[in-house]
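Written below as structure tokens is the structure these notes are about.
The values are calculated or read from the model by the stated rules, or taken from the named source; none is laboratory data. Keep in mind the model is a prediction, meaning the values are calculated, not measured. Note: ideal-geometry Cβ built from the backbone for every residue, glycine included; neighbour counts use all protein chains shown. Keep in mind that these areas ignore ligands, DNA and RNA; they rest on the heavy atoms of the full protein, side chains included. Shrake-Rupley method; radii C 1.70, N 1.55, O 1.52, S 1.80 Å.
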Amino acid sequence: MDLRAGRCVRLLQGDFNAETRYDADPRALLGKYRNLGADWLHVVDLDGARDGGRRTGGGRAGNDSIIAELAAEKTLNLQVGGGLRDAAAVARMLDLGAARAVIGSAAITHVEEVRVWLGRFGPEHLTQAFDVRLDRSGVPRVTTHGWQEQSQVSLWDAVANFAAAGVMHVLCTDVSRDGALSGPNVGLYRNAVRRYPRLQWQASGGIRASGDLHALADAGAAAAISGRALLEELIPAQELRAFLPNA
């Protein structure tokens, strides 16, 4: 569930000018996913991702009230990200009721601080999120600040920065496929699992059908994140049941 100014939206390849708005109410959508059998809901505060400074120092962001309402339902575990770039912002998100806070740009720009956060908040409550674009050699390079800035840090080096700090959950999005319904980069996740088999890898970007979910499971991904395919009901409920623990 991607939130922008309180609305459910989807961006194409992270482009804020390529936004699709959906009529779905966030609370109703949570109920729908719960009834399908999901036990986790992944939420992205796009306003926070783009303008993360509003969250620093624990500052209130526009979608916080919705996130708090969703967490108060206590029917799904929430994994929430978007602009969490200091410890106060992470603490606030967990205080709002998120079961896991997603750390994105800070995991590249403030490595030492994020290592401390893993110890302070516990690796079970944090997800390191690396949004990548493949360079000409096929190396996944991490983007930051809501996909607006391209770094030269490879995904593998980014993950290595936290291996000794006890990182458990890593979310990887292939930006070129996000929102495009073009199929996930299965090879990327297979490579990720091969390099770091002890991590719980979450695959994101391009999911369009249940066959993609089977392919990601075969590659070793622990979880898959779907936005547009679920919002547009492209995957029949009966085909989702194999991947929903409470179905």
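Descriptive notes on the structure:
- Taken over the stretch 139-180, the criterion of being on the phi > 0 side of the Ramachandran plot and modelled with pLDDT of 95 or more is satisfied by Gly166 alone.
- Filter result (more than 23 Å from Ala203 (Cβ to Cβ) and among the β-branched types (Val, Ile, Thr)) within the stretch 84-104: Val90
Let's see how each residue does on (1) in contact (Cβ under 8 Å) with a residue 24 or more places away in the chain; (2) open to solvent by less than 40 Å² (accessible area, probe 1.4 Å); (3) touching a Cys at 6+ places or on another chain (Cβ under 6 Å):
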{"residue": "Ala160", "(1), (2), (3)": "no, no, no"}
{"residue": "Ala165", "(1), (2), (3)": "yes, yes, no"}
{"residue": "Thr173", "(1), (2), (3)": "yes, yes, no"}
{"residue": "Trp201", "(1), (2), (3)": "yes, yes, no"}
{"residue": "Ala224", "(1), (2), (3)": "yes, no, no"}
{"residue": "Ile235", "(1), (2), (3)": "yes, yes, no"}
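- Tallying residues that are part of a loop (DSSP other than H, G, I, E, B) and under 19 Å from Arg10 (Cβ atoms) within the stretch 180-213 yields 11.
- Residue check for Arg21: modelled with pLDDT of 75 or more, touching a strand residue (DSSP E or B) at 6+ places or on another chain (Cβ under 8 Å) and open to solvent by 30 Å² or more (accessible area, probe 1.4 Å): no
- When the residues of the stretch 73-103 are filtered to those that are modelled with pLDDT under 95 and out of contact with any helix residue (DSSP H, G or I) (no Cβ under 7 Å at 6 or more places or on another chain), the one that is nearest to Asn161 (Cα to Cα) is Gly81.
- Residue, farthest from Leu46 (Cα to Cα), within the stretch 77-115, restricted to residues that are open to solvent by less than 10 Å² (accessible area, probe 1.4 Å) and in contact with a Phe, Trp or Tyr (Cβ under 9 Å, 6 or more places away or on another chain): Val114
- Restricting Leu118, Leu216 to residues that are within 19 Å of Gly82 (Cα to Cα) and assigned to a helix (DSSP H, G or I) narrows the list to Leu118.
- Of all residue pairs spaced 6 or more apart or on separate chains, those with beta-carbon atoms under 9 Å, a first member in the stretch 136-158 that is free of Cβ contacts under 8 Å to residues at least 12 places away in the same chain and a second member that is open to solvent by 50 Å² or more (accessible area, probe 1.4 Å) and in a strand (DSSP E or B) are Gln152/Arg141.
- The set of residues in the stretch 208-222 being surrounded by fewer than 19 Cβ atoms within 10 Å (Cβ to Cβ), under 24 Å from Arg198 (Cβ atoms) and small (Gly, Ala, Ser) consists of Ala217, Gly220, Ala222.
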